[in-house]
Structures are given as C-alpha cells and as structure tokens.
Amino acid sequence: MSTLATTNIKNPDAANNNIVLGTDASVTTRAPDSTYPDIRKAYTTTVTTTPYTLLGRGQLVKANSGASVFTLDTNNLSPGDTVTIYNNTSGSLTINRNNFTTLRIDGANTNVASITLAAYSTASIICVDGSFCLATGSGVS
C-alpha cells in the first residue's frame with residue numbers, strides 16, 4: 001500500500017496555499033479571506049498612471065486622471081479571461097494589442113493594432129484564444 005505525501009496546491013493569486021491534500025487522502029480547504037483570496041471573484045484596480053498592462057481574470061480597471069494607455073499581454077490573459085475598463089476621464093484612452101496577433105472590435109472583421117475608448121465609457125476585452133482578443137462596449141472605436 002502506498003502512502004500519499006502531503007501536497008499543497010497553490011492558489012495562483014496568493015503566496016499561500018488554500019487547498020491541502022493530506023496523507024490520509026483528506027482534502028482541507030481554507031475559506032477565502034485577505035490571506036487566501038477567492039480567485040473566482042472579480043476585483044477592481046484604479047489606475048492613475050500609464051502605460052498599464054491589463055492583468056485579466058475578471059479585472060475591472062477604473063481609469064482615472066493620468067491614465068491614457070493600456071496594453072494587452074499574452075502572458076497575462078488566457079482564453080476566457082475578460083477585463084473591463086471604465087474610462088473615468090474626460091479624454092479618450094488607448095488600448096494596444098501588443099503581442100496578441102489579432103484584436104477586433106465586436107461586429108467588425110478588421111484586425112486593429114489598438115482601440116480607442118471614449119470618455120466616461122466602458123470596454124470589455126475578451127481573450128478568445130492565445131492570439132486573439134475581442135473588444136466590445138460603448139465608446140469603443
């Protein structure tokens with residue numbers, strides 16, 4: 001009979017473990033709190049300086065004065081990730097494709113290098129696959 005060694009499965013967004021498999025095959029979980037966050041929950045980031053690289057996984061970015069350029073990065077966004085940006089400024093924002101091969105505006109069959117988000121508007125960026133993102137929302141052009 002083999003023995004199962006204690007194994008820790010790390011929460012990718014925390015330095016600490018939140019699931020432990022015991023030597024007796026038991027599973028112990030810790031409730032989400034500030035030490036062990038619930039990675040399924042969306043979170044908000046307020047940005048006041050740029051350039052800023054979007055992180056994904058349900059992130060809501062509130063762009064305040066001083067923020068004007070955002071970048072998509074294949075190292076931070078995985079298929080299925082969605083990032084929502086709220087432009088809380090009187091000027092437009094630029095969202096650059098960076099190392100994604102394709103960035104399209106919803107409903108258009110045109111690959112663009114960047115999109116513009118109008119003042120006081122929102123955009124959602126959906127990572128469709130490892131090379132393709134789709135932008136949708138009011139004020140996206």
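Scanning segment 99-119 for residues that are surrounded by fewer than 18 Cβ atoms within 10 Å (Cβ to Cβ) and farther than 11 Å from S141 by Cβ turns up N99, T101, T102, D106, G107, N109, T110, N111, A113, A119.
Across segment 58-75, what is the total count of residues that are surrounded by 17 or more Cβ atoms within 10 Å (Cβ to Cβ) and either over 20 Å from S121 (Cα atoms) or among the hydrophobic types (A, V, I, L, M, F, W, C) (or both)? Number of matching residues: 5. The condition (being free of Cβ contacts under 8 Å to residues at least 60 places away in the same chain, under 18 Å from the mean Cα position of the chain (by Cα) and closer than 20 Å to T48 by Cα) is satisfied by just one residue among T71, T102: T71. Looking at segment 57-107, the strands (runs of 3 or more DSSP E) lying wholly inside it that each contain 3 or more residues that are of a type in the set (S, T, N, Q) sit at 82-87.
Throughout, read-outs are computed from the coordinates displayed, never taken from laboratory work. Bear in mind the structure is a predicted one, so any value in this text is a computation, not a measurement. Backbone-built Cβ (ideal geometry, glycine too); neighbour counts: all protein chains shown.
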